[in-house]
Amino acid sequence: MIMQLVEEGRLSLDTTVAALLPEVHIGRPDVADDIAVRHLLTHTSGIDGDIFTDTGRGDDCVAKYVDALAEAPHTHDVGSAYSYCNAGFVVLGRIIERLDDRAWDRSLRARLIDPLALRDTVILPEEAILRRAAVGHRERPHEDQPVTTWQLPRSLGPAGLITSTVHDVLAFARLHLDDGVTGDGTRLLSREAVHAMQQPRFAIPSVGEEDEIGWGWRLNTWGGRRVIGHDGGTIGQLAYLRIDPSTRVAACLLTNSPSSDAVYEALFAEVFASYAGVEMPPGPKPAPPGAQPRVELLETQVGRYERTSRRFDVSMEGDRLRVVSTMRGDRALIGDEGPQTLVLEPADATGDHFVCRSHGQDPWTPLSFGVSGDGVRYLYLGGRVTPMMNHRG
């Protein structure tokens with residue numbers, strides 16, 4: 001939708017938030033003059049991304065949410081790092097509202113849902129209940145229990161409120177395989193804009209893979225070939241989409257469990273090996289026993305790391321690091337996940353790169369530590385930068 005507005009001449013990727021929404025202030029100090037549309041699309045704005053403020057059910061909820069970002073903390077300087085930012089996508093939704101002069105979800109329907117004939121793509125729970133809507137489930141060890149909240153607040157709509165089906169998600173994927181043209185021949189986006197979205201714009205920290213972000217798409221390297229896609233998680237649900245443009249193979253998996261990474265890895269490895277002839281890279285693994293970092297390197301990582309929705313308490317347990325992850329703020333109120341203890345294993349001998357999991361049967365997830373350009377130590381997990389409190393490198 002943003003790329004459509006660019007092609008209509010309504011904004012450019014270098015237009016700032018302040019120019020498009022002059023009444024909006026973002027954080028203290030206010031960085032609305034520094035954040036451009038490109039920063040929002042690439043999750044490099046530095047806004048604390050997981051702010052889940054419920055501003056009601058009215059058509060003004062997105063505007064109210066963005067107004068409240070005047071108090072949002074920053075996790076890093078604008079343009080200096082990738083950190084997945086739901087709040088930034090809500091700002092993009094507000095920009096769409098301002099330029100289209102209508103609620104964000106009405107623009108979604110007019111610009112994408114109706115032209116693509118997506119019969120089962122909706123936003124609101126009263127629309128979803130008329131369809132085969134799934135209920136999310138809790139994390140292990142309570143995976144047999146449904147969650148107590150079905151959906152994020154409407155104010156988070158542009159970041160993750162779309163409810164859909166595999167059929168409709170693949171119809172959206174096909175639009176990008178067909179250079180912006182729908183099944184009935186309607187052009188929604190130019191070929192140049194479609195290809196521009198799939199070009200690397202910023203590196204995503206990773207262990208063992210070359211991952212980057214384009215204009216919205218995540219770009220992975222599988223066997224020397226570029227595969228694009230996106231994952232998404234809400235309350236007790238996870239979604240996965242991968243597309244190999246060179247062979248026109250796309251796969252989508254929608255689950256109502258937060259513990260579905262193992263299913264994704266097994267299924268997509270088979271699908272893309274069989275139909276695209278490309279091998280999906282194996283997930284991250286612990287380093288061999290001889291590649292353990294020195295204890296003094298591990299001790300530099302000990303401390304509390306905090307952002308609006310999450311706290312990580314890192315401590316030493318013998319010669320190993322132990323991490324306790326706790327939900328905070330509004331996110332804790334809409335979920336029922338308790339504190340989670342993560343087992344860390346070194347991925348190399350540097351003392352910066354690890355793999356972690358909370359249960360023995362789960363796939364390993366990369367976790368790393370670093371120091372930002374302004375000297376603040378941070379923990380990087382799940383695509384997010386979380387700064388250490390009161391500590392500089």
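The values are calculated or read from the model by the stated rules, or taken from the named source; none is laboratory data. Keep in mind it's a predicted model, so treat the numbers as computed, not measured. Ideal geometry is used to build each Cβ from the backbone, glycine not excepted, and the neighbour counts take in all protein chains shown. The protein model used for the area step is the full one, side chains on, heavy atoms only, and it has no ligands, DNA or RNA in it. Shrake-Rupley method; radii C 1.70, N 1.55, O 1.52, S 1.80 Å.
Shape analysis of the range 98-230 places it in the oblate category; the axes a ≥ b ≥ c from the Cα gyration tensor give an a/c of at least 1.5, with a/b not above b/c.
Centre-to-centre, using Cα atoms only, the range 1-59 and the range 301-320 are separated by 31 Å.
Quick one: accessible area per residue over the range 78-190, 1.4 Å probe, rounded to a whole number of Å²?
Accessible area per residue, the range 78-190: 46 Å².
Surface analysis of the range 254-393 yields an accessible area of 49 Å² per residue, using protein heavy atoms and a 1.4 Å probe.
Report the gain in length on full extension from ARG132 to THR182: 0.36 nm times residue separation, minus Cα-Cα distance, nm rounded to one decimal.
Values: separation 50, 0.36 × 50 = 18.00 nm, distance 2.53 nm.
15.5 nm is the gain from fully extending ARG132 to THR182.
Charging the Cβ of each Asp and Glu at -1 and of each Lys and Arg at +1, and nothing else, the dipole of the range 148-251 about its Cα centre rounds to 120 debye. Expressed as a whole percent, the accessible surface of the chain that belongs to carbon and sulfur atoms is 51, based on a 1.4 Å probe.
Please say if the range 69-158 is rounded, prolate or oblate, where rounded means a/c under 1.5 for a ≥ b ≥ c the square roots of the C-alpha gyration tensor eigenvalues, and otherwise the choice is prolate for a/b larger than b/c and oblate otherwise? Because a/c hits 1.5 or more and a/b fails to exceed b/c, the range 69-158 counts as oblate. So what's the angle, to the nearest 10 degrees on a 0 to 90 scale, between helix 166-177 and the longest Cα principal axis of the chain? Here the helix axis deviates by roughly 80 degrees. With each label modelled as a point 7 angstrom along the Cα→C-beta vector, the LEU297-ASP362 pair spans 2.5 nm. When the Gaussian network model of the chain links Cα atoms closer than 10 Å, the mean-square fluctuations of VAL302, VAL169, VAL90 top out at VAL302. Net charge in the neighbourhood of CYS356 (other residues with Cβ under 15 Å of its Cβ; Lys, Arg +1, Asp, Glu -1) is -1.
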